[in-house]
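Readers should treat all values here as calculations from the given coordinates under stated rules, not as data from a laboratory. Just so we're clear, the structure is a prediction, and the values are computed from it rather than from any experiment. Cβ sites come from the backbone with ideal geometry, for glycine too, and all protein chains shown count toward neighbours.
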Protein chains: 4
Amino acid sequence: MNELTILIQCPDQVGLVTNITRVLAGQQLNIIAMREFVDEQHKTFFTRIACTGELAEPAKLKEKLLENLPNSAEVNLISQQEKNIAVLVTKEYHCLAEILIKNQFKTLGANVKCVIGNYEALKDFTEKLGIPYYYVSHEGKEKAQFESEIKEIIDQFEVDYIVLAKFMRILSADFVKDYEGKIVNIHHSFLPAFIGANPYKQAFERGVKIIGATAHFVTNNLDEGPIVTQHTTHVDHTFGVKEMVRSGKEIEKAVLLEALNLIFEDRVFVSGNKTIVFK
Amino acid sequence: MNELTILIQCPDQVGLVTNITRVLAGQQLNIIAMREFVDEQHKTFFTRIACTGELAEPAKLKEKLLENLPNSAEVNLISQQEKNIAVLVTKEYHCLAEILIKNQFKTLGANVKCVIGNYEALKDFTEKLGIPYYYVSHEGKEKAQFESEIKEIIDQFEVDYIVLAKFMRILSADFVKDYEGKIVNIHHSFLPAFIGANPYKQAFERGVKIIGATAHFVTNNLDEGPIVTQHTTHVDHTFGVKEMVRSGKEIEKAVLLEALNLIFEDRVFVSGNKTIVFK
Amino acid sequence: MNELTILIQCPDQVGLVTNITRVLAGQQLNIIAMREFVDEQHKTFFTRIACTGELAEPAKLKEKLLENLPNSAEVNLISQQEKNIAVLVTKEYHCLAEILIKNQFKTLGANVKCVIGNYEALKDFTEKLGIPYYYVSHEGKEKAQFESEIKEIIDQFEVDYIVLAKFMRILSADFVKDYEGKIVNIHHSFLPAFIGANPYKQAFERGVKIIGATAHFVTNNLDEGPIVTQHTTHVDHTFGVKEMVRSGKEIEKAVLLEALNLIFEDRVFVSGNKTIVFK
Amino acid sequence: MNELTILIQCPDQVGLVTNITRVLAGQQLNIIAMREFVDEQHKTFFTRIACTGELAEPAKLKEKLLENLPNSAEVNLISQQEKNIAVLVTKEYHCLAEILIKNQFKTLGANVKCVIGNYEALKDFTEKLGIPYYYVSHEGKEKAQFESEIKEIIDQFEVDYIVLAKFMRILSADFVKDYEGKIVNIHHSFLPAFIGANPYKQAFERGVKIIGATAHFVTNNLDEGPIVTQHTTHVDHTFGVKEMVRSGKEIEKAVLLEALNLIFEDRVFVSGNKTIVFK
């Protein structure tokens, strides 16, 4: 008995659930959990189905499903292999450490294949935990050159996702396009508040009583990609920028790890600039 | 086009979702939202399906569903009528006021048919908002007599639920049985902590840093019924019992109203001593 | 034995706490709670002191304190009288109802003297709870005329604060100046995100996973006054604008009431565009 | 200019703040933050004062303070040295890893001198991060013997606190007495709910909608020591015991680290079975 996760996205129409479940029953698959959502604005149907059963021919199941769905349907069959990821960092340790610790104790839901950093600050730490660290400085280089060096490393590994764990360089449109839908970033503010640089300084100056963090897929609109998770935490007048940063880091790592967990379990669909998250 | 909510609960077996959705398709019903859950411990399947369509004969749909489900299946078809409720109170206003205000502005999702109190404290306020208030004192009476007076009032109205909005008398096993699965209570602690009387005093003496509240269905095990919602809020060393009570009341009303909202939208199944809540 | 709250704000310098406590001791006042804060950016000292004692001559205490403090010090002695407030509304009931219910049961910490609305929607409800409602339409009038009618009503009562409980008109600079530091507003978003109109629509379109609300003092920078309290709540892809509004209203009323509670207990200092809140 | 933290605890009486601040002024110390609290039940006064200044003779300051305070006053002068700690573990990594990572990057506010475990599971990981790990099995030994081996190790280092980071053995009254007020534990439930073993199994069986964790000082009443911090997180019907454990571990580490942070900054007083926490 195997477990299989089926992800389907297609134009909405009457009878989709019936059609899909009939195909699964025909293949002797037993549905153990099913979630669906219709985006009324875009008339799009999304479903995530977890089933068990002996699946002789996955290709045939996919074909059968496509036959019974509208033309532009996308069907994804995922068996239980873990995702592989690359992590990009600059100097801050808190998100990277959380990822590497969970990787070390096999609770990340993915395998960290490599860490790439534009400084050497986190090299020793990463290597202590047995993960290769590639130092690629951005200094004295064109962005294209910098990114091409990074890509060369990433492409040595077959990674499913690239995690920006406080990577403080803005990626070019070309880079983002090459890994479309595969780059996850943690932004150090509750978007869309405090877009851009120094969000904690902005927060301090505005005198807010809450700070937050946002994990999102990266698109070519800076800080504007589809949001996966957000959390906030209270601050007060005694918090200077330093205290906000310290408190914010705890939120950042929690938000990023929650997003990664959802993504690695195939619970997140991207629909335009939004996400559908089947928790 | 009508909206219809279908609730089904039955022993789990392979193919239930397929069977159910095929029946719905056969009746030209379109599924707009579907949630299901299998309680592995008790091998029980639960589903809540929201559909639209012209349903000529509801009885026939129910019959068809039962034909395609295991023997002991329970099927409930709910069209969009609002629930009717009775509210029982003692002296504290905060939960009652929240219910009556939402009732007044038609955002409760139910109609308050009457308020019954064992003191007169909340009579004027209730009547100002146009709801009949019945004063039934418990003093100098056997519990059976007290409860029989309450039942007589409740039974004048066809109520779907009885809400104990800080009603401070313990109901007898007979009363509870008469309204099985229909009585919702707000308990002024984070159950199972501080069961019984004076939970805020207990909390103060224990020096906890969090207090909470619990909305649950009432069964014959005091403070032990199936929990629908719970929330907590932080307290600190500056909170005496009085401040905990004040802060706790805000949580109590929020927790109770969240539970009522879920119950009135038919999102809550009871399974043994637990609930399944399809948010 | 009376209770007295002393609020002091002055340029920071060495020895302030000592000077202040010596004066209090000289007047036989016993400090029961003391909070202080130094805004390092503006080199300003803030303290809130709660004391008990027989205070023969309050004017003399104030004089003594001023003698022992830097030149531009502001000293406020507050005995335990409740604040009086006016509430301005448009059509939404949720914040007003929360205020009027707490006013009715004497747990607001202030007395509502009047409600002024630019529609008649909330008139009946307000009057049922025994509070005078003044209907002042903004239609077919210059803003100056509209505001002058409002001022005439407010000025009949000696109010300490004006609460904008979902009052959907922008007040002129003149009006705001006339009641400087006395106007409290609830903004239906987590500022500075979604400044301006239709924040829930903006939130829906951005696909955020959290919405919030902000209570702030009103200044002449729209949505930019000193923030008193903020809270957020989670939303997901199933929330349309309508569901966000519904969920947001619960946060709005909680945030506004928390802010009012702090303000009515004299726990909030305004310092430039920020607040110091001694919880 | 040095920073100095002064902690005072004594029977309450009129004029304490004045007396204390006068002594500090006499020593040319400048108060930068001061918090006080009176436990009305036990008539005890607590204060935490942060000051700056050149302190020639600390012993003299302490003497002066004691002269001006009630007889049984306790005065603690703390200059800015970091605390040293020992960490006790069994097999679970999540709390230990959080401590060691923060230790590694100098953001713990304390130095981890050693880790002691009754299994070898966490040895390699601890040593990778450069901290000595002592394996002391409890098997085939009297408790007295087991604890004496642990004590021998702890006493090689001058530790200020012993952190039980999911150490699953119950310590004897003698051991606890030897390190009175110095042992901090993380309990995997929201105390006082689910005292004892397997709290997540208990939580699952009760069908709660919230789980939590509690950091507390250890006393000889198991799970009954003074609570420092608590947090909760929502769960629902889809959570089995395994999912509750997974979610609970995130709360456990957050709660423990928040408590340690407060303790290492000398913000926590113990008063009987409660704590006063000056955040």
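Quick look at the values:
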item	result
Ranking of B:E67, C:E224, B:E258, C:E98 by count of other Cβ atoms within 10 Å, fewest first	B:E67, C:E224, B:E258, C:E98
Candidate aspartates and glutamates for bridging to A:K91, where Cα separation is under 14 Å - those fewer than 8 sequence places away on the same chain excluded	A:E120, A:D124
B:R246/D:Y119 FRET efficiency (R0 60 Å; Cβ-Cβ; nearest 0.05)	0.80
Cβ neighbours within 10 Å from other chains - mean over C:139-149	0
Counting DSSP beta bridges with both ends in region D:83-277, the antiparallel % (nearest 5)	45
Rg ratio (alpha-carbon, reference 2.2 N^0.38 Å) - region B:38-139	1.58
Under 12 Å from the Cα of B:K279 - aspartates and glutamates, other chains or at least 8 residues apart	B:E36, B:E258, B:E265, B:D266, C:D236, D:D236
Anisotropy class of region A:1-72 from Cα gyration tensor, a/c 1.5 cut	prolate
Karplus 3J(HN,Hα) series, Hz, for region B:245-260 with 6.51 cos²θ - 1.76 cosθ + 1.60 (x for Gly, Pro)	4, 4, 5, x, 4, 5, 5, 4, 5, 5, 5, 4, 5, 5, 5, 4
Label-zone membership for region D:27-46, site D:E63, 7 angstrom Cα→C-beta point, backbone N under 17 Å	D:27-28
Teacher prompt: B:I195 distances to equivalent labels in other copies, 7 Å Cα→Cβ, nm	1.3, 5.5, 5.5
Per residue Cα convex hull volume in Å³ - calculated over the protein assembly as shown	211
Percentage, to the nearest whole number, of Cα pairs in chain A over 25 Å apart	53
Region A:140-279 pair-distance distribution - Cα-Cα, 10 Å bins, rounded %	11, 39, 32, 15, 2
Chain B, relative contact order in percent, only Cα pairs under 8 angstrom and at least six apart counted	14
Selected from A:A110, A:A173, A:A259 as most flexible by GNM, with chain A as the system and alpha-carbon contacts under 10 Å	A:A173
Rounded, prolate or oblate (a/c below 1.5 giving rounded, otherwise prolate when a/b exceeds b/c) for region C:106-151 by Cα gyration tensor	oblate
Cβ-placed point charges (K, R +1; D, E -1), dipole of chain D about Cα centre in debye, nearest 20	580
Exercise: per-residue mean of other protein chain Cβ atoms within 10 Å, B:28-34	5
Residue list for region C:143-185, given a label point 7 angstrom along the Cα-to-Cβ vector of C:N220 and an amide N cut-off under 14 Å	C:171-181
Cα-based Rg / Dmax (Å) for region B:172-215	13.3, 40
Which of C:I131, B:I170, B:I78 has the fewest Cβ neighbours within 10 Å, and the rest in rising order	B:I170, B:I78, C:I131
Where a label projected 7 Å from the Cα of D:E180 along Cα→Cβ would reach, residues of region D:208-227 with amide N under 16 Å	D:217-221, D:225-226
Cα gyration tensor of region A:97-212 - equivalent ellipsoid semi-axes, whole Å, descending	26, 20, 15
Around B:G26: net Lys/Arg minus Asp/Glu count, Cβ-Cβ under 11 Å	+3
